[in-house]
């Protein structure tokens, strides 16, 4: 097991009506609050009113309109509003796009130059406004970690950044707040949660048994509750398990003591950057093709572990058949979640495969991944997804 | 899933030679350091020298001699020394007894009356000196939570207390620091870790799937690495997995969203209070007898889950037989760890069963446990252990 630092300090209030705890936590940091939100869903489903009501003693400055795959230009705008209003604390109410945007606004508040610097050079993040989140989606884990993914449209880049300073001080996770998610977005959250656990799970590191058991547990939670939540949007227990699994899936637990280079996320970030698709959807298309591509004599034992512990495939002696069966069952699970199988279904052809592959390798450190991937490998995997 | 607050803010430095990070963390809080330690093992195995060396810029005031099942009188003594030396930060170097004692010293520093009040009324803990730990054992999880267990010899009481304020700011977990543990203490740590996961696992709460998967993962880690670590004290991977499992086993992960009343711990705390035995050893004698005692139509399904997911017992259709087989395998595992089977082996007879049972029920809230236990039940379970 490699050395690591584990520092998940976010205080999580989890459960029904936990919004009542928001006010005392916000006012720990001040009363000038920047309320960052998305494209208005929270105004329709009542969450906005609940938040504004509990913050009736604060000066709430609104900054709405954050889109999925949040743009750096919105970050710039948010920083200006925050500075003009001498904001004390940034409150993100929404899913990951809103939270990620809020994080870079909070970091950019104190940074004199362009905030895109903070995305590409997270070492420049030295001081950050306190960040509080009220989650209305699940899967990215942004509510409990220091990661943020931001799009730079002009450069056609989508880059993930990380600093422990970006970790929210407090996050409120009420599974009821995810009831109004569409079935598609619920499915995307399920796949995203699963994918985080899997990126850590498939690694060269040996003897990270306890971390791998946690990853398997998170994946199994998705398998058990994903299809239920997609069908019954108001199934509390399904949503609660998924919401908590989503937070635990990327708060450091599954990756502790392991090499941190991932495989599928860098490839998917390029798809979202170039085509503005939902991250979890892109992951569903990529993941099983990536698995097929990297299955070889060096990786087959890990796939056998995955097959046995996650999918309970025991009645098969041949290692490769076992591995292939596990990949097949993963794909079947994505089908059950109504996820697309091909890039074609997302309106993506091979036109930009070369450019995306170049970016994925350089931005995503793919040469350090579980199975190191060069540009040609990435193009091959994209082609398998056609 | 019940509502919960999850707030594990301890920053963990995990791995070889992580002691190098101690100085910068300690001096965040000041330079007057109270170094709390046990009965001198750290002077023999070199850990003491390493700690003192990295703290060469601090004023280190020593307070050694903490015994297992730490006494309230040592806490009182420690508070006096801390006050006399205007201590800024309490550094515990040792196992749980040392850490637990250090926690109540840190809380008692600011408390005007007798610190035993803080053990029996944790609500009185309002302000605490910062606590930093360097762990030399594993299993209690005290390095990453707000719990402390203290003995009051005069009253023949051993009581567990809890306050989020007792949580260490920083803990350093170097698996190498556990190499000098005896095989017996290693085994006790394994059983203790397992027992924490099991106390949370066996609960009335349904639909805490992700928490239960984590608990199963921790139990399996003990099963896989426990016997290796007992035989090979310097097996880094075994010790690393156990040390990390021990921390995760009681930092809130397995108990989140569940009723917190436990079953075996209150019964064992009485054994340790009356007979000064090692906690993990007492747990090994009690646990499988408790399991046998509570196995009934209401609990059998949970035992079947335990049998299948932890012990992979599938070739048995009868629920009760499956449950009994799982209990038997748990007992066999304790045997493999060279744990005693009976209280007799620990020199304990039935003389104090009644008094211990009265205390266990009143101090340990056993009437709220998974299967509620009255005084008579506790006496019956103690008798099964003879």
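Where a number appears in this text, it was derived from the coordinates with a stated rule and is not lab data. Predicted model, so just to flag it, every value in this text is computed and none were measured. Note: ideal-geometry Cβ built from the backbone for every residue, glycine included; neighbour counts use all protein chains shown.
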Quiz item: In degrees between 0 and 90, to the nearest 10, how far off the longest principal axis of chain B does helix B:300-311 point, with axes built from Cα atoms?
Solution: 60 degrees
Quiz item: Can you sort A:355, A:272 so the residue with the fewest Cβ neighbours within 10 Å comes first?
Solution: A:355, A:272
Quiz prompt | Relative contact order of chain B, defined on C-alpha pairs under 8 angstrom at six or more residues apart (%) | solution = 16 percent
Quiz item: Order of B:121-132, B:294-305 by packing, highest average Cβ count within 10 Å first?
Solution: B:121-132, B:294-305
Practice problem: Only bridges with both residues in the range B:11-178 count here: give the DSSP antiparallel percent, nearest 5. | Solution: 20 percent
Self-check item: Rel. contact order, % - alpha carbon contacts under 8 angstrom, at least six apart, the range B:11-178
Solution: 27 percent
Self-check item: Of B:261, B:240, B:41, the one that fluctuates the most in a GNM where chain B has Cα springs shorter than 10 Å
Solution: B:41
Practice problem: Sorted from largest down, give the three principal axis spans of the alpha carbons of chain A, whole angstrom values. | Solution: 65, 43, 42
Quiz item: Based solely on its DSSP helices, what 222 nm [θ] is calculated for chain B when runs of n ≥ 4 H residues each add -39,500 (n - 2.57) and the sum is averaged over all residues, nearest 500 deg cm²/dmol?
Solution: -15000 deg cm²/dmol
Practice problem: Using a 10 Å cut-off on Cβ to Cβ distances, tally the other chain neighbours for every residue of A:240-247 and report the average as a whole number. | Solution: 5
Exercise. Determine the percent antiparallel among the DSSP beta bridges restricted to chain B, to the nearest 5.
Key: 20 percent
Quiz item: Ranked highest first by average number of other Cβ atoms within 10 Å, how do B:65-73, A:333-341 line up?
Solution: B:65-73, A:333-341
Practice problem: Name all residues of the range B:35-76 having a backbone nitrogen under 13 Å from the label point set 7 Å from the Cα of residue B:23 along its Cα→Cβ direction, giving them as ranges. | Solution: B:50-59
Quiz item: Looking at the axis that maps chain A onto chain B, which chain A residue has the closest Cβ, and how far off is it in Å, rounded to a whole number?
Solution: A:9, 2
Quiz item: For the residue pair residue B:368 and residue B:234, what label-to-label distance in nm results when each label sits 7 Å from Cα along the Cα-to-beta-carbon direction?
Solution: 4.8 nm
Quiz item: To the nearest Å, what is the center-to-center distance of the range B:1-29 and the range B:40-80, using C-alpha atoms only?
Solution: 20 Å
Quiz item: How many nm separate the modelled label positions at residue A:153 and residue A:77, each set 7 Å beyond the Cα in the direction of the Cβ?
Solution: 0.9 nm
Practice problem: Take peptide A:10-16, look around each residue's Cβ out to 10 angstrom, count Cβ atoms belonging to other protein chains, and average those counts. | Solution: 6
Quiz item: When all alpha-carbon pairs of the range A:116-183 are counted, what percent fall beyond 19 Å?
Solution: 44 percent
Quiz prompt | Between helix A:72-84 and chain A: long-axis angle, C-alpha atoms, 0 to 90°, nearest 10 | solution = 20 degrees
Quiz item: How many angstrom lie between the C-alpha centres of the range A:106-123 and the range A:208-262?
Solution: 31 Å
Quiz item: Who wins for biggest fluctuation among A:30, A:146, A:246 in a Gaussian network model of chain A, springs between alpha carbons below 10 Å?
Solution: A:30
Quiz item: Which of these, A:262, A:244, A:311, has the largest mean-square fluctuation under a Gaussian network model of chain A (Cα springs below 10 Å)?
Solution: A:311
Practice problem: Enter the angle in degrees (range 0 to 90, nearest 10) between the Cα long axis of helix B:96-108 and the first principal axis of the Cα atoms of chain B, meaning the one along which they spread out most. | Solution: 60 degrees
Self-check item: Beta bridge orientation in the protein assembly as shown: antiparallel %, DSSP, nearest 5
Solution: 25 percent
